[in-house]
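*Asks:* Next up is a structure, given as structure tokens.
The values are calculated or read from the model by the stated rules, or taken from the named source; none is laboratory data. Model, not experiment: these values are computed from the prediction. Virtual Cβ from ideal backbone geometry, glycine too; neighbours counted across all protein chains shown. What goes into the accessible areas is simple: the full protein's heavy atoms, side chains included, and nothing from ligands, DNA or RNA. Shrake-Rupley method; radii C 1.70, N 1.55, O 1.52, S 1.80 Å.
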Amino acid sequence: MEWLDKPIITFGLGNAVVTLAAGTIIFWFFPALGWAAVDFGFSSVRGDGGGGSPAAVFFYSALFGSLAWVGQLIHEFGHALAFRFYGQRVEEIHLGARNWTVGTAPSLRSTMIKCLVAGPAVHIVYGVVLLLIGTVAGGNILLLAVGSVVIFSALVGFFPLVPGSDGAMIRDLRRDDR
């Protein structure tokens with residue numbers, strides 16, 4: 001599935017190159033479908049006969065997917081900012097099927113672990129902000145749903161379930177310290 005990492009858009013951001021690959025569509029498309037399913041599901045529970053007009057469902061699905069994808073973008077920028085904070089050079093931020101931030105590796109493992117934790121940390125903060133705004137906005141189901149999904153995905157990234165996830169890399173770095 002190499003086509004998922006094929007660059008669609010590339011632009012410079014400071015000294016780094018940001019690449020948006022075909023896989024970014026996947027990160028946007030599936031959450032959008034999820035929102036459409038949630039919308040139709042809630043409407044059938046309410047018994048109002050539908051999730052609204054197709055245009056409204058499409059709009060809210062696109063908004064759900066976009067807000068969820070922004071969480072992934074913020075996650076990678078969190079890694080990049082941590083690299084910069086510790087004086088490391090960030091060469092590339094790639095958003096595709098497998099997201100990554102490429103920089104010069106810090107010499108200390110503890111610093112690298114802090115850089116790895118920074119991504120999910122800002123991801124969780126973004127989710128909490130969405131939950132707070134959704135609550136203040138009178139229980140806005142869209143913001144509450146996206147906030148919940150964003151926090152859940154960040155927490156799952158902490159677990160070493162998927163090779164290459166933040167949790168797996170932290171586990172491997174901690175194992176090397178022994």
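*Asks:* Can you name every residue in region 119-135 that is within 16 Å of the chain's Cα centre (by Cα) and either among the basic types (Lys, Arg) or open to solvent by 20 Å² or more (accessible area, probe 1.4 Å) (or both)?
*Replies:* Here is the first cut: in region 119-135, the residues within 16 Å of the chain's Cα centre (by Cα) are 119-131.
The answer is Ala121, Val122, Ile124, Val125, Tyr126, Val128, Val129, Leu131.
*Asks:* Condition first: at pLDDT 80 or above, aliphatic (A, V, I, L, M), touching a strand residue (DSSP E or B) at 6+ places or on another chain (Cβ under 9 Å) and in a strand (DSSP E or B). Can you find one or more residues in region 62-76 that meet it?
*Replies:* Scanning region 62-76, I find no residue that is at pLDDT 80 or above, aliphatic (A, V, I, L, M), touching a strand residue (DSSP E or B) at 6+ places or on another chain (Cβ under 9 Å) and in a strand (DSSP E or B), so the answer is no.
*Asks:* Starting from region 85-103, keep only residues that are closer than 14 Å to Leu73 by Cβ, then list their pairs with residues that are among the hydroxyl-bearing types (Ser, Thr, Tyr) and at pLDDT below 70 whose Cβ atoms are within a distance under 6 Å, requiring at least 6 positions of separation or different chains.
*Replies:* Ile93/Thr101
*Asks:* Let me ask you something else. Scan region 136-144 and give yes if some residue there is open to solvent by less than 20 Å² (accessible area, probe 1.4 Å) and modelled with pLDDT under 85, otherwise no.
*Replies:* In the first step, residues of region 136-144 are kept if they are open to solvent by less than 20 Å² (accessible area, probe 1.4 Å); the result is 142.
Cutting the leftovers down to modelled with pLDDT under 85 gives us 142.
Yes, the conditions are met somewhere in region 136-144.
Residue-by-condition table, conditions (1) open to solvent by 70 Å² or more (accessible area, probe 1.4 Å); (2) at pLDDT below 85:
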site	(1), (2)
Gly103	no, yes
Pro106	no, yes
Arg109	yes, yes
Ser148	no, no
Asp166	no, yes
Asp177	yes, yes
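*Asks:* Follow-up. Is it fair to say Phe30 is open to solvent by less than 80 Å² (accessible area, probe 1.4 Å), out of contact with any Phe, Trp or Tyr (no Cβ under 9 Å at 6 or more places or on another chain), under 25 Å from Gly167 (Cβ atoms) and at pLDDT 65 or above?
*Replies:* On the way: open to solvent by less than 80 Å² (accessible area, probe 1.4 Å): no; out of contact with any Phe, Trp or Tyr (no Cβ under 9 Å at 6 or more places or on another chain): yes; under 25 Å from Gly167 (Cβ atoms): yes; at pLDDT 65 or above: yes.
Spelling it out, it is not the case that Phe30 is open to solvent by less than 80 Å² (accessible area, probe 1.4 Å), out of contact with any Phe, Trp or Tyr (no Cβ under 9 Å at 6 or more places or on another chain), under 25 Å from Gly167 (Cβ atoms) and at pLDDT 65 or above.
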